[in-house]
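Following: one structure in structure tokens, then a few remarks.
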Amino acid sequence: MIRLEHVSFAYPDQRPSVKDISFHAEAGEFIAILGANGAGKTTTVRLIDGLLRPAEGRVLIHGADTATSPVSERARRVGFLFQNPDRQICKNTVREEILFGLKAVRGEEDEEFLKTRTEEVLKDFDFTGDEEPFSLSRGQRQRVALASILAVEPEILILDEPTTGLDYSECCHIMDRIRRMNEEKKVTVVMVCHDMEVVLDYASRALVMADGQLLADGPVREVFRDTELLEKAAILPPQIIGLSLRLGAGFEQADTPEGMAEAVLKRREAGGSRK
Ligand SMILES: Nc1ncnc2c1ncn2[C@@H]1O[C@H](COP(=O)(O)OP(=O)(O)O)[C@@H](O)[C@H]1O
Ligand SMILES: [Mg+2]
């Protein structure tokens, strides 16, 4: 679904922001990109979306090179949720917003289809359609932006810090919605995220970046146990993994509350030391 081959990129008059990155993703994967500020995460997802073109190497989406494939085709395949929802909301009601996005990407479909699809999406996202986006909360506006993207039924969903500025319940609402698309529709998700708890809960694979380079690519739970790697990338693991690492032997699988409880019980049964 996504393939990067030795991709490098530099903004005008800057040192390279992305250096020789290669990875590929199959349909239905849920990938998180981790790294400190300035590591090159946003640049990488913009390269995947085709908003930027590589200076070296190639980016293939469903086999098509972003340097030559039409923007319209990519817009249909790839949905991009920006960190700030206000950058992608431009209409006065939620209904108009969703219809506008649909028309822009699937304008060849007949009007009836687009209207029906809009109403489906409104219902699915718990909107009446008459709400005015700019009088909604930040979390609700993020939900409008996401609804508008998912209305188009992209094959790939890119999220750049989707939970920034959201409270816990808004965050769960958005992330659960994304998980459903991933599981039910096999949408490939690539998410830049600084919240390691969210990464642990939702992503299955992690790419770790530092200084424009890809340091690691592996299962989330393995990446979070590689303390040397995390230090290099200036990432703190989720609390539960940090705790299990400190508890040491017997706690290797304790990366969920249930797993932690089980490991504690086992240690008690074995009559081991009680740290
Ligand atoms: N529009 C831009 N113009 C010039 N340099 C940029 C621009 N956007 C990002 N950079 C630089 O590229 C590097 C990587 O940035 P970015 O991809 O935004 O990192 P991240 O998303 O991991 O914080 C940083 O050094 C940043 O200063
Ligand atoms: Mg960024």
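Within segment 44-90, the set of residues being touching a Gly at 6+ places or on another chain (Cβ under 8 Å) and within 16 Å of ligand 1 (Cβ to nearest atom) comprises Val59 only.
Within segment 95-132, being within 16 Å of Ala75 (Cβ to Cβ) and either small (Gly, Ala, Ser) or outside any helix (DSSP H, G or I) (or both) holds for Gly101, Ala104, Gly107, Glu108, Glu109. Mind checking whether some residue in segment 161-182 is aromatic (Phe, Trp, Tyr) and buried (at least 19 other Cβ atoms within 10 Å of the Cβ)? No, segment 161-182 has no match at all.
Which ones in segment 9-38 are more than 12 Å from ligand 1 (Cβ to nearest atom) and more than 16 Å from Leu215 (Cβ to Cβ)? Outline the logic, then answer.
First, the residues of segment 9-38 that are more than 12 Å from ligand 1 (Cβ to nearest atom): 20, 22-32.
His24, Ala25, Glu26, Ala27, Gly28, Glu29, Phe30 - these are the residues of segment 9-38 that are more than 12 Å from ligand 1 (Cβ to nearest atom) and more than 16 Å from Leu215 (Cβ to Cβ).
Yes/no per residue for (1) away from ligand 2 (no atom under 16 Å from the Cβ); (2) basic (Lys, Arg); (3) under 14 Å from Ala233 (Cα atoms); (4) in the same structural domain as Thr163 (by TED's automatic domain parsing):
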residue: Asp176; (1), (2), (3), (4): yes, no, no, yes
residue: Met181; (1), (2), (3), (4): yes, no, no, yes
residue: Val187; (1), (2), (3), (4): yes, no, no, yes
residue: Met191; (1), (2), (3), (4): no, no, no, yes
residue: His194; (1), (2), (3), (4): no, no, yes, yes
residue: Val199; (1), (2), (3), (4): no, no, no, yes
residue: Val208; (1), (2), (3), (4): no, no, yes, yes
residue: Gly212; (1), (2), (3), (4): no, no, yes, yes
residue: Ala216; (1), (2), (3), (4): yes, no, yes, yes
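Part of a helix (DSSP H, G or I) and within 16 Å of ligand 2 (Cβ to nearest atom) - does that describe any residue in segment 75-87?
Start the filter on segment 75-87 by keeping residues that are part of a helix (DSSP H, G or I), which leaves 75-77, 85-87.
From the residues that got through so far, the ones that are within 16 Å of ligand 2 (Cβ to nearest atom) too are 85, 87.
Yes; the residues of segment 75-87 include at least one that is part of a helix (DSSP H, G or I) and within 16 Å of ligand 2 (Cβ to nearest atom).
Filtered by the rule that a residue be touching a Lys or Arg at 6+ places or on another chain (Cβ under 7 Å) and outside any strand (DSSP E or B), segment 209-238 gives Gly212, Val220.
Quick one: how many residues across segment 149-164 are in contact with a helix residue (DSSP H, G or I) (Cβ under 8 Å, 6 or more places away or on another chain) and within 16 Å of ligand 1 (Cβ to nearest atom)?
5
Looking only at segment 143-174, residues that are in contact with an Asp or Glu (Cβ under 8 Å, 6 or more places away or on another chain) and within 16 Å of ligand 2 (Cβ to nearest atom) come to 2 in all. Taking the criterion of being over 20 Å from Ala39 (Cα atoms) and part of a loop (DSSP other than H, G, I, E, B), the residues of segment 1-29 that qualify are Met1, Glu26, Ala27, Gly28, Glu29.
Taking first residues from segment 172-193 that are among the acidic types (Asp, Glu) and partners that are part of a loop (DSSP other than H, G, I, E, B), the Cβ contacts under 9 Å between residues at least 6 apart in sequence or on separate chains come to Glu183/Gly28.
Being in contact with a Phe, Trp or Tyr (Cβ under 7 Å, 6 or more places away or on another chain) and surrounded by 18 or more Cβ atoms within 10 Å (Cβ to Cβ) narrows it down to one residue among Ala151, Ala147; which is it? Just a single option satisfies the conditions, and that option is Ala147. On the stretch given as segment 44-74, residues that are part of a helix (DSSP H, G or I) and either under 14 Å from the mean Cα position of the chain (by Cα) or at positive phi (or both) total 5.
The values are calculated or read from the model by the stated rules, or taken from the named source; none is laboratory data. Just so we're clear, the structure is a prediction, and the values are computed from it rather than from any experiment. Cβ sites come from the backbone with ideal geometry, for glycine too, and all protein chains shown count toward neighbours.
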